[in-house]
Amino acid sequence: MAVEYIDLMYEIADQLPKREEFNLGSQTRRAATSVALKIAEGSTGQSDPEQSRFLGCALRSLMETVACQHLIKRREYEINPEDLVEVYRKSETLSRKLQAMKRAITPRGNHFREDEPTYTVKQGKQ
């Protein structure tokens, strides 16, 4: 799914005006590519905490691509509106999947809660 997302983000970046090729276009491509690369990097023999860290990086890169989408829409570039709708929906789905993966490897049951302490205040002579 992350690789398909990259393809969609590249299609959008390719529709940007020439003046955005090395700014918003490049940033969009790099952020989208980073999502898949961080997932791959974190999945290769890492401990669960380390894998969780890489999934967090992938999520942050994904949010960066969403910010790029908002900038593209706000700047009113001539992008196919259906492409923007599709890529935004894919970003929501990918975000949910990444969050679920992160939750699945996050340790549970290693926290405990103690009872609240009770304090007694002695009243002195007044």
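The values are calculated or read from the model by the stated rules, or taken from the named source; none is laboratory data. All values reported here derive from a predicted model rather than from experimental measurement. Glycine gets a Cβ as well: all are built from the backbone with ideal geometry, and neighbour counts include every protein chain shown.
Here Glu64 meets the list (1) among the charged types (D, E, K, R); (2) modelled with pLDDT under 95; (3) in contact with a helix residue (DSSP H, G or I) (Cβ under 6 Å, 6 or more places away or on another chain) almost entirely, failing just condition (2).
Can you find even one residue in the stretch 34-48 that is among the polar types (S, T, N, Q), modelled with pLDDT of 95 or more, over 15 Å from Ser91 (Cα atoms) and surrounded by fewer than 18 Cβ atoms within 10 Å (Cβ to Cβ)? No: the stretch 34-48 contains no residue that is among the polar types (S, T, N, Q), modelled with pLDDT of 95 or more, over 15 Å from Ser91 (Cα atoms) and surrounded by fewer than 18 Cβ atoms within 10 Å (Cβ to Cβ).
Which is in contact with a helix residue (DSSP H, G or I) (Cβ under 8 Å, 6 or more places away or on another chain) and in contact (Cβ under 8 Å) with a residue 60 or more places away in the chain, of Ala32, Ala36, Ala58, Ala2?
Numbers: Ala32 fails: in contact (Cβ under 8 Å) with a residue 60 or more places away in the chain; Ala36 fails: in contact (Cβ under 8 Å) with a residue 60 or more places away in the chain; Ala58 fails: in contact (Cβ under 8 Å) with a residue 60 or more places away in the chain.
That would be Ala2, the only listed residue that is in contact with a helix residue (DSSP H, G or I) (Cβ under 8 Å, 6 or more places away or on another chain) and in contact (Cβ under 8 Å) with a residue 60 or more places away in the chain.
One residue stands out in the stretch 1-19 among those that are farther than 13 Å from Ile79 by Cβ and not β-branched (Val, Ile, Thr): the one that is surrounded by the fewest Cβ atoms within 10 Å (Cβ to Cβ), namely Lys18. On the given criteria, is Ser26 without any contact (Cβ under 8 Å) to a residue 40 or more places away in the chain and either buried (at least 17 other Cβ atoms within 10 Å of the Cβ) or within 16 Å of the chain's Cα centre (by Cα) (or both)? Spelling it out, it is not the case that Ser26 is without any contact (Cβ under 8 Å) to a residue 40 or more places away in the chain and either buried (at least 17 other Cβ atoms within 10 Å of the Cβ) or within 16 Å of the chain's Cα centre (by Cα) (or both).
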